[in-house]
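Undergrad: The structure is given below, and queries will be raised subsequently.
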2 protein chains.
Amino acid sequence: MGSGKTTSFDIAHRAGVSQATVSRALRDSPLVNPKTRERIKRVARELNYQVDRTAAGLRSQHSHTLAILLFEDPTTDDSQINPFFLSMLGNITRAAARRNYDVLVSFQQLSDDWHIKYQVSNRADGIILLGYGDYSGFADKVDKLVKAKARFVVWGATGPGLSGQTIGCDNASGAFDATSHLIKLGRKNIAFFGGTTHNSPEFRQRYEGYCKALRAAGLNVDAGLQFDADSQETAGASATVSLLESGKPFDAIFAASDLIAIGAIKRLRAEGLRIPTDVSVVGFDNIPAASYFNPSLTTVHQDTIAAGEQLVSQLIGMIKGEQRESQLLQPSLVIRGSCGG
Amino acid sequence: MGSGKTTSFDIAHRAGVSQATVSRALRDSPLVNPKTRERIKRVARELNYQVDRTAAGLRSQHSHTLAILLFEDPTTDDSQINPFFLSMLGNITRAAARRNYDVLVSFQQLSDDWHIKYQVSNRADGIILLGYGDYSGFADKVDKLVKAKARFVVWGATGPGLSGQTIGCDNASGAFDATSHLIKLGRKNIAFFGGTTHNSPEFRQRYEGYCKALRAAGLNVDAGLQFDADSQETAGASATVSLLESGKPFDAIFAASDLIAIGAIKRLRAEGLRIPTDVSVVGFDNIPAASYFNPSLTTVHQDTIAAGEQLVSQLIGMIKGEQRESQLLQPSLVIRGSCGG
DNA sequence: CAAGTTTATGCAATCGTATTCAGTTAAATT
DNA sequence: AATTTAACTGAATACGATTGCATAAACTTG
């Protein structure tokens, strides 16, 4: 008669069966007679009963929950979050929902002890790691995850020594296509904006794709045309300044992210250069703003819906004990106004 | 000597105390001797021990988790999620993280039994409801939440009969400012895009602010200049078509969302009209794309960082048993290119 | 019809922590 | 010195499900 919450005991009593049978019935166990099951379910519905997921989780040792860990550029502080990852986040959540998994979202600084926090504290059955940025020290922690037998998938590149499952887009191929397109348009001096050293493996792969395209067309790779930039808009602006100051001739820029491209275009405009007449620009990611920008931005599209779907299905597969291989998604070039032609 | 996970018993044994003391020490209870506490904490660290949140939650009956329920326009299916809400989502998560709360994200169709699902199943201590869209039947479910004594806050307007705590921006005031600005620029025939009837209370409030501004300037409110539109870009396009077909003269549009505004501008352009020379357009939300759009979009800015902060602090306050009042955030007009002047 | 199977069900033991209640010292008070 | 008080600690239990094991009834089968 307690005013407490309804438990499986209450509904067991009401249905004239044991609590164990209630538990089984609600989970559609074949062990319980169909008629009994229906009766139990009806009573449960009448009492607005819902299984206490905490208790269930404790007993069964899994939470039916996936954790998304989004690693932020520590530099970014209070500014808005990279729209590309927000979009990923949304699509992952949807994909998880389709499979009846809940999603726990968490922003992390790379310095944190995230590798312990979720692996052990039983909040999630598996982890999805998302993020650009400086991955130094990242591999170590991922290794700890592996050793702890945590289930997780990483979005991004399969870095050196990065064990575990990875879902990523074929950055090199996307960059190759983008650069080749610029070459096809007759551009000869194509600059690359995006870090190659301390930055993310994604950016490095994009640089490699860029180099490959140049070589494939018989053009020289001029290291002096590569400028560091993290994924922010401001980085695009400063890279542009560096480029201009270098005095090198250039007629195109391939930026490792849309935000970099946008930052660059704004800066170029401020200097009186016309896009795409004087300079062709191509970005990467195809964030929503890319199509709204003026000029609309030619960019490499990553299918975040497919990516979310893949990440989730991969991770859930691993949770269920299946053996899975890393996957590479094929990006596609979206041609818009910023490159001319 | 089980190979199982480390529990509080393991560390109790290792530290030569009881499990109860371990539990207390790790939670900084004043009941345990400082020296003992330090020793316990050290052992815990050595063993990489983390409290099992599931077990803790079961025992203490709270999860230290907030759930975000994002209500989607059922029309939207697989398209991308409204960037405004993605941004809210990000900022809420950050605000929650600052207070050491985890965040559970869930997309819901309004038809679902969400009102039961989270209220009872103990997944979250409190709920944040987000979403535009048709709120019919929404109030009922919110009432059920209230009756079930669920802790929750709603983002949006305090609708009729919408009990419970609400955090929202002052839509009427934002709309008033936006419309007044258009009037100040000399526009006389200002259309309004956004539903007034079956749509969200937010949109209705924005319409009211629009009307108020017209009246305050001694202008007529012409009901024929109001066109229904949900928050999507396509809706903006179709509203534009309707407006053009109506044959009414117009020199400005106030759209209830940025996406509507963008859809409208694209359509107007396709018809050969110049923005802002022929038609001034103002939006609402200040999504990232607004500043990138061509022409850059004049819009009403909602501070999503402050909103996230408010929602979380309010909700956690309620969870802790404090009495809280609904809050109204002040939006601000961001003047850009699309309105001229 | 006896023996073996299948089908449904209940009992009771977990899962790992938080917390109540009852000590056991050591310090303070009279 | 006797007694109260304060400061810690531990044993035991509760949280609400899941699940291995035992068992009874119903059903096959030779």
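Undergrad: Please specify each residue of the range B:11-20 satisfying the condition of being away from chain A (no Cβ under 14 Å), in a helix (DSSP H, G or I) and either within 12 Å of DNA strand C (Cβ to nearest atom) or among the β-branched types (Val, Ile, Thr) (or both). Write out each step before concluding.
TA: Filtering the range B:11-20 for residues away from chain A (no Cβ under 14 Å) gives B:12-20.
Retained after the next criterion (residues that are in a helix (DSSP H, G or I)): B:12-15, B:19-20.
Listed by number, the residues that qualify are B:12, B:13, B:19, B:20.
Residues are listed down the side, and each one gets a yes or a no for (1) assigned to a helix (DSSP H, G or I); (2) free of Cβ contacts under 8 Å to residues at least 60 places away in the same chain:
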site	(1), (2)
B:241	yes, yes
B:269	yes, yes
B:274	no, yes
B:282	no, no
B:296	no, yes
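Undergrad: Let me ask you something else. If you go through the range B:201-209 one residue at a time, do you hit one that is touching a Leu at 6+ places or on another chain (Cβ under 8 Å), surrounded by 22 or more Cβ atoms within 10 Å (Cβ to Cβ), over 15 Å from residue B:285 (Cβ atoms) and assigned by TED's automatic domain parsing to the domain that holds residue B:293?
TA: No - not one qualifying residue is present in the range B:201-209.
Undergrad: Among the residues of the range B:22-30, are any within 14 Å of chain A (Cβ to nearest Cβ) and part of a helix (DSSP H, G or I)?
TA: Within the range B:22-30, one or more residues are within 14 Å of chain A (Cβ to nearest Cβ) and part of a helix (DSSP H, G or I).
Undergrad: Right, next: Tell me, yes or no, whether the range A:21-28 has at least one residue that is hydrophobic (A, V, I, L, M, F, W, C) and within 7 Å of DNA strand C (Cβ to nearest atom).
TA: Here is the first cut: in the range A:21-28, the ones hydrophobic (A, V, I, L, M, F, W, C) are A:22, A:25-26.
Filter again for within 7 Å of DNA strand C (Cβ to nearest atom), leaving none.
Looking for residues that are hydrophobic (A, V, I, L, M, F, W, C) and within 7 Å of DNA strand C (Cβ to nearest atom), one finds none in the range A:21-28, hence no.
Undergrad: While we're looking at this one, here's another question. Restricted to the range B:99-132, and to residues that are open to solvent by less than 10 Å² (accessible area, probe 1.4 Å) and more than 14 Å from chain A (Cβ to nearest Cβ), which residue is modelled with the lowest pLDDT?
TA: By that ranking, first place goes to B:129.
Undergrad: Here is a follow-up. Here is a check on your reading of the model: is residue A:298 among the β-branched types (Val, Ile, Thr) and within 14 Å of chain B (Cβ to nearest Cβ)?
TA: no
Undergrad: Consider residue B:334 carefully, then state whether it is modelled with pLDDT of 90 or more and either open to solvent by less than 10 Å² (accessible area, probe 1.4 Å) or on the phi > 0 side of the Ramachandran plot (or both).
TA: So residue B:334 does not fit the description; no.
Undergrad: Right, something else. Take the range B:58-70 and flag every residue that is farther than 30 Å from residue B:86 by Cα and either away from DNA strand D (no atom under 11 Å from the Cβ) or of a type in the set (Phe, Trp, Tyr) (or both).
TA: Correct list: empty.
Undergrad: Return yes or no: is residue B:33 surrounded by fewer than 19 Cβ atoms within 10 Å (Cβ to Cβ), at positive phi and more than 10 Å from DNA strand C (Cβ to nearest atom)?
TA: Spelling it out, it is not the case that residue B:33 is surrounded by fewer than 19 Cβ atoms within 10 Å (Cβ to Cβ), at positive phi and more than 10 Å from DNA strand C (Cβ to nearest atom).
Undergrad: Continuing with the same structure: Filter the range B:17-57 down to residues that are more than 7 Å from DNA strand D (Cβ to nearest atom), hydroxyl-bearing (Ser, Thr, Tyr) and farther than 29 Å from residue A:60 by Cβ, then give me how many there are.
TA: Residues in the range B:17-57 being more than 7 Å from DNA strand D (Cβ to nearest atom), hydroxyl-bearing (Ser, Thr, Tyr) and farther than 29 Å from residue A:60 by Cβ: 1 in total.
Undergrad: Can you find a residue that is crowded, with 20+ Cβ neighbours inside 10 Å, within 12 Å of DNA strand C (Cβ to nearest atom), of a type in the set (A, V, I, L, M, F, W, C) and free of Cβ contacts under 8 Å to residues at least 60 places away in the same chain anywhere in the range A:38-46?
TA: Yes, the range A:38-46 contains a residue that is crowded, with 20+ Cβ neighbours inside 10 Å, within 12 Å of DNA strand C (Cβ to nearest atom), of a type in the set (A, V, I, L, M, F, W, C) and free of Cβ contacts under 8 Å to residues at least 60 places away in the same chain.
Undergrad: Consider the range A:20-58. How many of its residues are within 16 Å of residue A:10 (Cα to Cα), in contact with a helix residue (DSSP H, G or I) (Cβ under 6 Å, 6 or more places away or on another chain) and β-branched (Val, Ile, Thr)?
TA: 3
Undergrad: Scan the range A:262-295 residue by residue and report those that are within 14 Å of chain B (Cβ to nearest Cβ) and under 20 Å from the mean Cα position of the chain (by Cα).
TA: A:283, A:285, A:286, A:287, A:288, A:289, A:290
Undergrad: Moving to a separate point now. Output the residues belonging to the range A:287-319 that are closer than 20 Å to residue A:230 by Cβ and either surrounded by fewer than 20 Cβ atoms within 10 Å (Cβ to Cβ) or small (Gly, Ala, Ser) (or both).
TA: A:289, A:290
Undergrad: Return yes or no: is residue A:284 open to solvent by less than 30 Å² (accessible area, probe 1.4 Å) and within 24 Å of residue A:93 (Cα to Cα)?
TA: Taking the combined requirement at face value, the residue satisfies it.
Undergrad: For the range B:271-281, name all the residues that are under 20 Å from residue B:229 (Cα atoms) and open to solvent by 20 Å² or more (accessible area, probe 1.4 Å).
TA: The answer is B:271, and nothing else.
Undergrad: Quick check: anything in the range A:177-196 at pLDDT 95 or above, among the polar types (S, T, N, Q) and outside any helix (DSSP H, G or I)?
TA: There is at least one residue in the range A:177-196 that is at pLDDT 95 or above, among the polar types (S, T, N, Q) and outside any helix (DSSP H, G or I).
The values are calculated or read from the model by the stated rules, or taken from the named source; none is laboratory data. The structure displayed is predicted, hence computed values, not measured ones. Ideal geometry is used to build each Cβ from the backbone, glycine not excepted, and the neighbour counts take in all protein chains shown. Accessible surface is based on the protein model in full, side chains and every heavy atom, while ligands, DNA and RNA are left aside. Shrake-Rupley method; radii C 1.70, N 1.55, O 1.52, S 1.80 Å.
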